1. Just to be sure I follow the definition: excluding the sites themselves, where is the longest run in the chain that has none of the trypsin sites (Lys or Arg not before Pro) in a DSSP loop with at most 14 other Cβ atoms within 10 Å?
2. Quick one: Karplus J couplings for the range 15-25, per residue in order, coefficients 6.51, -1.76, 1.60, θ = phi - 60°, nearest Hz, x for Gly and Pro?
3. Got a sec? What order do 38, 23 fall in by accessible area at 1.4 Å, biggest, i.e. largest, first?
4. Compute log10 of I(q)/I(0) for the range 13-79 with the Debye formula, placing one identical point scatterer on every Cα and leaving out solvent, at q = 0.13 Å⁻¹, to two decimals.
5. When the solvent-accessible surface of protein heavy atoms is calculated with a 1.4 angstrom probe, in what order do 74, 92 fall, highest first?
6. If 42, 24 are ordered by their accessible area, calculated over protein heavy atoms with a 1.4 Å probe, which sequence runs from highest to lowest?
7. Report, to the nearest 10°, how far helix 70-79 tilts away from the longest principal axis of the Cα atoms in the chain, using its own Cα long axis and a range of 0 to 90°.
8. Over the chain, average the accessible area per residue using a 1.4 Å probe and give it in Å², no decimals.
Amino acid sequence: MTEQLIPYDNFGNLIRDPRAERFLHPEVPIHERPAERFTATLTLGKSIRTGASTYVTWFDEEGHLYPMYLSALMEVLRTQDVSKGVVTAEWMPVRQGLYFGLRLYVDHEARRAKYAGE
């Protein structure tokens, strides 16, 4: 399995659609980094509707932007303590089809072990 690379801009913002970014801003380099989980406190930004999809944005304490699909947001709301739009959790940048976004980190081995013991 190849390592998944995630696109970021010069400021450390996760780029949702690198194809559009290259088209709109060809002079701005896109930096690809390996997908790695991280722990952060994020603040909910706004919702954005583009064509057939809707997503939300989160901002970390340094002001970096992270897009998130509504399905991933639902998981955050169901499983995390969100207070006034702020939540601390483990996150994972992922590719979703042609786009990139943030999801809660899920330790699949721990989850399997938990349910195997029941």
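The values are calculated or read from the model by the stated rules, or taken from the named source; none is laboratory data. Just so we're clear, the structure is a prediction, and the values are computed from it rather than from any experiment. As a convention, Cβ positions derive from the backbone with ideal geometry for all residues, glycine included, and neighbour counts pool all protein chains shown. Remember, those area values only see protein heavy atoms, side chains included, never the ligands or the DNA or RNA. Shrake-Rupley method; radii C 1.70, N 1.55, O 1.52, S 1.80 Å.
1. On the way: sites that count: 37, 84.
Free of exposed loop sites, the longest segment is 38-83.
2. 8, 5, 10, x, 5, 5, 4, 5, 6, 6, 9
3. In descending accessible area the options line up as 23, 38.
4. -0.43
5. The most accessible residue leads, giving 74, 92.
6. 24, 42
7. In the chain, helix 70-79 runs at an angle near 30 degrees to the longest axis.
8. In whole numbers, the chain has 66 Å² accessible per residue.
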